[in-house]
Every structure is written in structure tokens, then in C-alpha cells.
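A quick write-up on the structure given underneath.
The values are calculated or read from the model by the stated rules, or taken from the named source; none is laboratory data. Keep in mind that what you see is a predicted model, and the values were worked out from it rather than measured. Glycine also receives a Cβ, built like all others from the backbone with ideal geometry; neighbour counts cover every protein chain displayed.
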Amino acid sequence: MKKELFVKNYSEGVAKNENPYLKISCVDSDKEEYTLWAWDFEDAIFKDLDSYSVFQIEADFNAEYIKPKSYKPLPDADISLYVDSYLQSREERRDLLWSLIDDFKLQNYKEFCTDVFKPIEDDFIEYPAAMNNHHIEIGGLLRHTQEVIKFLKKFCTIDDIAQVGALIHDIGKLFEYNLENYRFTRSEKSTVFSHLSCPYLITEIKTSDFLVEEGEKDHLIHIVHSHHGIKEWGAIEEPKSLEAIAVFLGDYWSCKSDAYNLADFDGKVGKISGRSDFYLFEGGD
């Protein structure tokens, strides 16, 4: 049987008998997911997997371990058939991003966010928010950011700096991860820093001419550093202001509510399986 499949990601491993193998995660246009296993493969497959996203694959798809018999890259395939996205077009996502910036009451915050987002807007409106547990569609990072801001507006009476923190808190994911051929993978930079300590963002804050109030830059860096809540969950420091607490809670709520919607419960309290294999009540991302 032949199927046209979008390759989400792949990984290499070594079996107990010391033979190398490839584990390939795929999805079809009906969003049904498949895991393929290849033991006898040539090095050329890596070039194909890195260069193309959609393949025609021949295999016994009813087998316990699906082993591809042959594959053919489909360079002209419409990737949008296989990948979920937030909103229908890049322009809609772009308009949403700038509407969030235009929403600030203080002009200096609008100017600061314009400076920060102008060089990265094309990536920001495309990136998922995480690799596998929440907001994993194209534009997921934008949707997650919008949800955190909505949380602040609904549950908090806090000045605009919290909204600025919410808007920029996950910008570091553009550097911690790679998005190529609609695949989301960790970058080499992720071994050097996390998205909470992203040098681009911290430098933009420290050198901005629009953050002029005393302690404002340090406060904004604190909001970014602490948005995971506690160090056990990856926070560089724990939130010590109402604004930082609010952004942490908004981030936590957005991550966990989306993970809940993605997951299938296996009957254990708090434990979820399927697309989100982690504990529901652990930290955000």
C-alpha cells in the first residue's frame, strides 16, 4: 500500500543487536499519525528527509512495526493539507501581531515592541509554541501569546508592563528552536541558552531607548526570566512582582488548557497520553 505522508520529524537510534535504525514520525492529510521504522537504509535518506517534507511511502501500514519498502519525495505537495495552522494566512497572523502591539496605551511601549518584533515578525507568526505538548500548529506561538494577554486582561488589573512581558516572554523560542520544512526541532543554540535567557531579547531590553522609567528594564527581564514560575520548571528566578506572577499564571493556564484539549486521558488523575505525554500539572513551556 502507498500513502502520501508528511514527515514531522525523525531520530536515529541503535537497537539491542547494535544495528542502527531510523524512527520516522509521519501524518497523512486526514491528520492520522504513523510511526515508521527503518533498519536497512542508505545515507542518502538523510539528505531527502532534510530537503523534503512530503513523501509517497510504500509499506504494510497494518503491521505492528511499519517498515517502508520504498519512498519517493513529493516536492510539489501542498504542505498545508498536512499541517494545522492558526488563522488562514500569514497576513492574518501578521495583522494580529501588530494589533496586539497597537493595543498598548503608552506610546513608548508600542515603540519598544515595534523595535523588538520588526526583525523577527516573519518567524514569530509562523512558529509553533512547543515541539509536542501545546500550541503545536503553525502560528501556535502567536496564539499562545494572545491567550496569555487575554488572561491578563480578564483576571488582572495591572499596568501595561505586564502586557509587554506577556507579548515578549517566549520570543527566545525563535532561537531555541528551528522551523524548517514545517518541522520544529531544537537548535544548536538550545544547548547554550533557554528561551528564558535569550541573548537577543535581553539585549533588546537592556539597550532600548524607550524603557526609561527607573527599574523598568530589570523588571521586564525579571518577568521573562520568571515566567515558568519555579526553578524546578525551568525558571531562572521565581516571580517576585504582581506583573511577573500574572504572566506566569497566564503562561501556565494557556499551556495547560491547550495540552488538555490535545490529550487523551488514560484514566490516571493528571496523567495524559497521546500527543501530550507529560503530567498535566507540571510546569509550562
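Of the residues making up segment 10-37, just one is touching a residue at least 24 places away in the same chain (Cβ under 8 Å) and at positive phi, namely Lys31.
Residues in segment 114-173 that are more than 28 Å from Asn9 (Cβ to Cβ) and acidic (Asp, Glu) were compared, and the one that is modelled with the lowest pLDDT is Asp159.
Screening Leu174 with (1) hydrophobic (A, V, I, L, M, F, W, C); (2) under 16 Å from Glu243 (Cβ atoms); (3) in contact with a Phe, Trp or Tyr (Cβ under 7 Å, 6 or more places away or on another chain) gives one miss only, at (2). Whether a residue is β-branched (Val, Ile, Thr) and within 22 Å of the chain's Cα centre (by Cα) was assessed, and Ile45 does not pass this test.
Does Lys8 satisfy the criteria of being among the basic types (Lys, Arg) and more than 22 Å from Tyr127 (Cα to Cα)? Judged against the criteria, Lys8 is not a match. What are the residues in segment 107-145 that are surrounded by 17 or more Cβ atoms within 10 Å (Cβ to Cβ), within 14 Å of the chain's Cα centre (by Cα) and not in a loop (DSSP other than H, G, I, E, B), if any? Across segment 107-145, the qualifying residues are Phe124, Ile138, Gly140, Leu141, Leu142, Arg143, His144, Thr145.
Of everything listed in (1) within 24 Å of Ile221 (Cβ to Cβ); (2) out of contact with any His (no Cβ under 8 Å at 6 or more places or on another chain), the single unmet condition for Glu137 is (1).
Say whether the condition of being in contact with a Cys (Cβ under 9 Å, 6 or more places away or on another chain), in contact (Cβ under 8 Å) with a residue 60 or more places away in the chain, outside any loop (DSSP other than H, G, I, E, B) and crowded, with 22+ Cβ neighbours inside 10 Å is met by at least one residue in segment 80-100. No: segment 80-100 contains no residue that is in contact with a Cys (Cβ under 9 Å, 6 or more places away or on another chain), in contact (Cβ under 8 Å) with a residue 60 or more places away in the chain, outside any loop (DSSP other than H, G, I, E, B) and crowded, with 22+ Cβ neighbours inside 10 Å.
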